[in-house]
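Contents: one structure, followed by commentary.
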Amino acid sequence: MKNLSAPALYSILALFLGMSFTGCQNEDDPDQFTGSIEEIEEFLTPELTQIVTELGMEINTGNTPPNIEGNYLAEVVLMGSNISTDVIGHRFSDMVIKFENQNNEDLSITFSYKQSIESGLGIGALIAGSQDSFSAFLKVDVTHGADYPTAKSAMVISGTKTADGIKDYQWALFMLDNKGDSRYILNNTGRVFRELDNIARVTTQSIPSGRLAPETESPLKSAIER
């Protein structure tokens with residue numbers, strides 16, 4: 001048998017280690033969110049994903065979403081609902097949303113929002129998309145004043161990132177657990193909203209503590225109220 005030189009041994013060893021490392025990475029790939037519809041359904045459940053899309057929500061897939069970090073002001077109008085008393089086209093209270101800590105390696109992001117006296121903090125969030133289009137998939141703890149329990153909801157926010165904000169802004173909110181409080185919408189019900197002028201604009205306003213009241217004669221309420 002021919003003896004190998006030291007450089008040759010080092011080359012073979014480096015190749016072996018590289019193959020081993022690649023193999024380890026591949027073993028981890030199934031646990032890595034890649035923005036596929038199958039993984040989105042796993043996060044939201046297939047049933048909720050179907051309801052959301054049937055109500056008109058756009059869901060973007062892919063693992064190269066744009067950076068959406070920042071604050072945005074959205075004037076929301078109801079475009080779909082499975083709540084029998086809802087009126088399509090009803091104007092709800094404006095909302096400020098905040099995205100931060102976006103990580104396109106694992107497609108994670110953090111989220112919070114304020115609407116009327118209601119506020120929400122993300123307890124799990126993923127982002128998918130490609131080019132300038134994205135969808136964020138959120139599990140959120142929601143509170144509506146000191147005498148309300150903290151409810152759990154699922155949300156989806158979709159749109160196209162532009163210099164001015166989020167164009168074609170859509171927002172879906174569905175109740176996962178209302179803690180038995182009848183002032184909240186029922187479990188497994190929810191709403192899908194569009195933006196009044198089709199863009200949630202970048203704002204310097206932080207998550208506010210007071211009510212956002214657009215000029216309208218229509219009664220306003222938050223999305224999670226019955």
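Some points to look at:
- Residue-count net charge about residue 120 - beta-carbon cut-off 9 Å; Lys, Arg +1, Asp, Glu -1: -1
- Prolate/oblate/rounded label for segment 24-105 (Cα gyration tensor, a/c 1.5): oblate
- Evaluating 6.51 cos²θ - 1.76 cosθ + 1.60 at θ = phi - 60° for every residue in segment 174-183, the Karplus couplings come out as 10, 7, 9, 8, 8, 6, x, 8, 6, 6 Hz, glycine and proline recorded as x.
- Straight-line reach from residue 221: taking Cα to Cα under 28 Å and skipping same-chain neighbours fewer than 8 places apart, the lysines in range are 98, 114, 139, 152, 161, 167, 179.
- Positive-end residue, segment 37-202 charge dipole about Cα centroid, Cβ charges, pick of 72, 154, 115: 115
- Simple label model, 7 Å out from Cα along Cβ direction - residue 88 to residue 226, nm: 2.5
- Of 204, 150, the sequence from fewest to most neighbouring Cβ atoms within 10 angstrom is 204, 150.
- In sequence order, calculated HN-Hα J values of segment 188-203 (Karplus, 6.51, -1.76, 1.60; Hz; x Gly/Pro): 6, 10, x, 9, 10, 10, 10, 8, 4, 10, 6, 8, 8, 7, 4, 9
- Segment 107-175 - Rg and Dmax from Cα coordinates, angstrom: 13.0, 43
- Each peptide among 170-181, 41-52 gets the average number of other Cβ atoms lying within 10 Å of its residues, and from highest to lowest they stand as 170-181, 41-52.
- Shape class of segment 37-202 from the alpha-carbon gyration tensor: rounded, with the ratio a/c of largest to smallest axis under 1.5.
The numbers here are math on the coordinates, done by the rules we state, and not lab data. These numbers were taken from a predicted model, which means no experiment stands behind them. Backbone-built Cβ (ideal geometry, glycine too); neighbour counts: all protein chains shown.
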